[in-house]
Amino acid sequence: MSYAVLFKIYFVDSFVIRQLERLKSRVTQGHIYVIADETNGDVGPIPHDRVVRVTEAEMIAQGFAKGDPNTSLFWHSADLSLYRLFESQPGYDYYVTVEYDAIVNGDADRLVAAVAAKNYDFVGQEVAKAVAEWPWTKTCNRIYDPAILRPYLNAIAFYSARAVPVLRDRRLELSRLFRDQEIDQFPISEAFIATELARAGLTIGNLSEFGDTGAYDWWPPTNEAELDMVAHGTFIHPVLAGERYIDSLLRSERLPALFKPASPVAEKLLRLPPRDYIPKLLPKLINRRRPPDRLFSIAQVKEPLFETPDPSPNIARGKPATQSSVSPFSRSKQVEQDAAGAVNGLVTGSFSFHTGCDDPSWWLVDLEGPHAIDAIWVFNRMDLPGRARNLKISISPDGRDWTRILDREAEKNFGGAYGEPLMVTLADRPVARFVRLELAGRQFLHLDQVKVFGVAQPDA
């Protein structure tokens, strides 16, 4: 069974080279071709003996339409590079496409043989989301009846030799219709490929039939440095490193979910050094919905980044929290969900909860049992730190009887992600279950993070 593997790249750096080497370690009998999109210029030397370089202009000259003018042709129509290889190397039984940020974590020879044994013409991963909820349906819902639409993720995909020309010829036909304005949509490849092959009567399978796809999706990404955490996966996507990894996590459309319980973004950011993400994250959070003349920049923050590690496990993390009210600025309209943002463990520099202008405004966490409290750290919101200047902290064993441990009256604001947070050390280690923060008088209360350190005690 002969097969070619198409490794698709858009630039060359050390990460891409490592990804290529990983792929080489999985392919024995097949031939690997690197195809480089050079629409934006020469990507430079590629340390491989089978390289195909291509541009959008070349594909358009062959009759393929770009479709969406605001996106890359090779992103919107990821199948086009497959046709480029097929026409130059037509003699293989199967073609396997692998994006630069995907990993085949299994023996490629065996995988191709298994696909061929089932006589599949295409194998990708079917999208679980309903067609009506899939965002790319809008690229083709006037071309295909939604009842026949077959969305598939194809960052890793297998194609039989008979499937490729079927797709190519149909893509050329749709390109002509689009150019002639007989259709006003141009289907994205994830909608086009499986749908057209099914219409042609060819056979389709799922990657999950051939291995573990638990780490295979559009998002969130896996950090290359943490590949051992997904070593069980046969197919992994997306895998990124360095700034690309962080930039993917911090995509603006994902940020509203950052403060929700079990946020995948928060969990992943917590495993990174703060200096890697806070300078990117803070302005995005603070500037959401701000007019241009009020945009916040980290250049406005004078203090150095706070990077002192936690002295012990944060016993407040993930515990139930509540507050006096919510406001139009709150992350959630539910009091408990908004309050929970302050105990997700992630210091951002922005606010994670926001009360109304109450008298008094307060926030509270339930440690769910008695604890000997060693310290309480409070991280302030960096763009409006002054409102929390005169913060009060109380603790209670039962939520009824309270002991004030801090009654701050200070001219100087306390800091947070940048500058020094409020760090209260309790030498006598009082036992408490509840920690309450409040402001006297009518005021908003909005903070970044509250960390509590201590040791659980037996119930009385």
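Please identify the pairs in which a residue from segment 410-421 that is assigned by TED's automatic domain parsing to the domain that holds S350 has its Cβ atom under 7 Å from the Cβ atom of a residue that is assigned to a strand (DSSP E or B) and of a type in the set (F, W, Y), counting only partners at least 6 apart or on another chain.
Hits for this filter: G416/F379; A417/F379; P421/W377; P421/F379.
Please note which strands (runs of 3 or more DSSP E) are completely contained in segment 321-420 and include at least 3 residues that are touching a Phe, Trp or Tyr at 6+ places or on another chain (Cβ under 8 Å).
Hits in segment 321-420: 321-323, 361-380, 392-396.
Can you tell me which residue among I315, I376, I395 is of a type in the set (V, I, T), over 16 Å from Q449 (Cβ atoms), in contact with a strand residue (DSSP E or B) (Cβ under 6 Å, 6 or more places away or on another chain) and modelled with pLDDT of 95 or more?
So the residue among I315, I376, I395 that is of a type in the set (V, I, T), over 16 Å from Q449 (Cβ atoms), in contact with a strand residue (DSSP E or B) (Cβ under 6 Å, 6 or more places away or on another chain) and modelled with pLDDT of 95 or more is I395.
Over 21 Å from L111 (Cβ atoms) and touching a helix residue (DSSP H, G or I) at 6+ places or on another chain (Cβ under 8 Å), is that true of F210?
It is false that F210 is over 21 Å from L111 (Cβ atoms) and touching a helix residue (DSSP H, G or I) at 6+ places or on another chain (Cβ under 8 Å).
Which of the residues that make up segment 53-106 are closer than 21 Å to P238 by Cβ, free of Cβ contacts under 8 Å to residues at least 60 places away in the same chain and assigned to a helix (DSSP H, G or I)?
L73, W75
This table checks each residue for (1) surrounded by fewer than 18 Cβ atoms within 10 Å (Cβ to Cβ); (2) outside any loop (DSSP other than H, G, I, E, B); (3) of a type outside the set (F, W, Y).
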site: D169; (1), (2), (3): yes, yes, yes
site: I183; (1), (2), (3): yes, no, yes
site: T195; (1), (2), (3): no, yes, yes
site: S208; (1), (2), (3): yes, yes, yes
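Do any residues in segment 292-313 that are assigned by TED's automatic domain parsing to the domain that holds N344 and on the phi > 0 side of the Ramachandran plot have Cβ atoms under 9 Å from those of residues that are small (G, A, S) and outside any strand (DSSP E or B), where the two are at least six apart or on different chains, and which pairs are they?
Short answer, once both residue conditions are applied: none.
P146 passes all but one of (1) surrounded by 15 or more Cβ atoms within 10 Å (Cβ to Cβ); (2) within 31 Å of the chain's Cα centre (by Cα); (3) not polar (S, T, N, Q); which number fails?
Only one criterion in (1) surrounded by 15 or more Cβ atoms within 10 Å (Cβ to Cβ); (2) within 31 Å of the chain's Cα centre (by Cα); (3) not polar (S, T, N, Q) is unmet by P146, namely (1).
If the requirement is being of a type in the set (A, V, I, L, M, F, W, C) and without any contact (Cβ under 8 Å) to a residue 40 or more places away in the chain, which of these qualifies: A155, A225?
None of the others qualify; the one that does is A225.
Restricting segment 291-326 to residues that are exposed (fewer than 12 other Cβ atoms within 10 Å of the Cβ) and charged (D, E, K, R), which is nearest to F414 (Cα to Cα)?
Per the stated criteria, the residue is K302.
How about segment 233-285: which of its residues are surrounded by fewer than 22 Cβ atoms within 10 Å (Cβ to Cβ), over 19 Å from G341 (Cα atoms) and among the hydroxyl-bearing types (S, T, Y)?
T234, S248
Kindly check whether there is at least one residue in segment 125-144 that is of a type in the set (D, E, K, R) and at pLDDT 95 or above.
yes
Looking only at segment 1-23, which residues are closer than 14 Å to V96 by Cα and either exposed (fewer than 14 other Cβ atoms within 10 Å of the Cβ) or touching a Gly at 6+ places or on another chain (Cβ under 9 Å) (or both)?
Matches in segment 1-23: M1, S2, Y3, A4, V5.
Consider V34 against the criteria (1) part of a strand (DSSP E or B); (2) surrounded by fewer than 17 Cβ atoms within 10 Å (Cβ to Cβ): it satisfies all of them except one. Which criterion is unmet?
(2)
The values are calculated or read from the model by the stated rules, or taken from the named source; none is laboratory data. Quick caveat, the model's predicted, so the values are computed rather than measured. Glycine also receives a Cβ, built like all others from the backbone with ideal geometry; neighbour counts cover every protein chain displayed.
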